[in-house]
Amino acid sequence: MDVQHIKFDCRHFKGHIPCAPNKEKGAICDTCTDYTKISRKILIIKLAAIGDVIRTTPLLKAFRQQYPNCHFTWVTLFPDILPQNEIDKIHTLNGLSIFQITNTHFDIAINLDKDEEACQLLSKVDATEKFGFTWDGSHICAATPQAEHKLLTGLFDSLSQQNTKSYLEEIFEICHLKFNFEDYAININTGLAGMWKGRIDARSNGRKVIGLNTGCGARWQTRLWPATRWTELIKQLEGKGYFCMLLGGEAEDEQNRALAAATKAWYPGHFSLEEFIAISDSCHFIVTQVSMMMHIAIALKKQLILFNNIFNRHEFELYNRGVILEPDSGCDCYYGNTCSREKSCMLDISVATVVSHIEKIEAGLS
């Protein structure tokens, strides 16, 4: 077999192994009907945190609409969270990936992290256009004027509090795009999700499943709702015929076990991120005070009750699937991890308010 030309600019080209059309059909470049010329090579640098990585994924759809045959490379600390079928190359940040990325030309390179290592990486990338945040040799700076607003709101609380744009509006502007409510994308193990759905359906007996994400990690302790409120919420929801399932990681394990023992709520345990997403997919509603859980819920298109006190509510985009509940008295601890009040403002959020909003959302869905 004589192959005259290798089409290096094809989206299917792997470089060192046969491409999918060759493996599946025996196709070769000269006569292949699946040839797809790459329209743009786009690099996205979004390292952490998990929720931030998830909420950056709407850019994939927007760029794909603008450049239908674009080729995506994404470098992150959480590769397993990304939609594998929508991104051509996913790199975990390490020495090898940095070497590969800095020896590749991109048409567009985007960095939406303000960490030094991410900014320094963008500064070393060979790209025709660079969006987001880069490094000038001594400090972080905006790669283009469109990123200056986001840079300033991250540096000064007073400007951040005045901001009325969502995170998505901001990053789309940075990338010279307009946000049109493009959905999140997430990697979900459908087999695992199906298995858990069977288990949860057997326990819930047709009741609506409400996932209660009870912790918030060590970083944002000011967002915590007390265990007594979770206990009362579970009892009221169960009294109204809902099935309550406790969600969390290792840090919430002890509290979730105690809540399960004090109520009829089911606590399946804590699992890997992949399994946590699969379990969450069976919920009809999710109640959370944690932004990572919020982003997972949005990606799974779940109805959401989000508690918020220390963040600017305008930052969040719920896609008309839920409500943000905040303290009536406001909060004095903007982006703070210690409360300056004798009584936490989170106590302003009552159980009755949470139950009422769940019932209103359900009524609107029926």
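Grab the Cα-Cα distance for Lys37 and Lys124, subtract it from 0.36 nm times how many residues apart they are, and report the gain in nm with one decimal.
Details: separation 87, 0.36 × 87 = 31.32 nm, distance 2.63 nm.
Gain in length upon complete extension: 28.7 nm.
Sort 349-360, 164-175 by the packing proxy (mean of other Cβ within 10 Å over each peptide's residues), most packed first.
Going by the mean number of other Cβ atoms within 10 Å, highest first, we get 164-175, 349-360.
So, R0 is 56 Å and r is the distance between the beta-carbons of Asp30 and Leu152; what FRET efficiency does that work out to, to 0.05?
Step by step, r from the Cβ atoms, then E = 0.55.
If you average the C-alpha positions of the range 315-362 and of the range 108-169 separately, how far apart do those two centres end up, in angstrom?
After rounding, the separation between the Cα centres reads 29 Å.
By DSSP, what percent of the beta bridges with both residues in the range 53-176 are antiparallel, rounded to the nearest 5?
25 percent
Could you please rank His149, His5, placing first whichever residue has the fewest other Cβ atoms within 10 Å of its Cβ?
Fewest-to-most Cβ neighbours within 10 Å comes out as His5, His149.
For a protection proxy built on the mean count of beta-carbon atoms within 10 angstrom, sort 297-305, 84-92 highest first, please.
The densest-packed peptide leads the list: 297-305, 84-92.
Mind ordering 253-259, 102-108 by average Cβ neighbours within 10 Å, highest first?
Per-residue mean Cβ counts within 10 Å order the peptides as 253-259, 102-108.
Using 0.36 nm per residue, how much length does the chain from His105 to Ala48 gain when fully extended, once their Cα-Cα distance is taken away?
Computed gain between His105 and Ala48 is 18.1 nm.
For the pair Ala262 and Asn22, how long in nm is the line joining their label points, each one 7 Å along Cα→Cβ?
6.2 nm
Taking the alpha-carbon distance from Lys360 and a cut-off under 24 Å, which lysines remain once sequence neighbours fewer than 8 residues away in the same chain are dropped?
Lys208, Lys235, Lys240, Lys264, Lys301, Lys302
I'd like the antiparallel share, as a percent to the nearest 5, of DSSP beta bridges with both residues in the chain.
Taking every DSSP beta bridge within the chain, about 10 percent pair in antiparallel fashion.
Could you check which residue among Pro21, Pro268, Pro79 shows the biggest mean-square fluctuation in a GNM of the chain with a 10 Å Cα cutoff?
Pro21
Quick one: if you stick a label point 7 Å off each Cα along the C-beta vector at Phe271 and Tyr319, how many nm between them?
Each label point is offset 7 Å from its Cα along the Cβ direction, giving 2.1 nm.
Which whole number in µm²/s is D for the chain by Stokes-Einstein, with the Kirkwood Rh taken over Cα pairs at 10 °C and 1.306 mPa s?
Working: Rh = 22.6 Å.
For the chosen part, D equals 70 µm²/s.
Bear in mind that the values in this text are calculations on the coordinates, not laboratory data. All values reported here derive from a predicted model rather than from experimental measurement. Please note: Cβ atoms are built from the backbone with ideal geometry, for glycine as well, and neighbour counts cover all protein chains shown.
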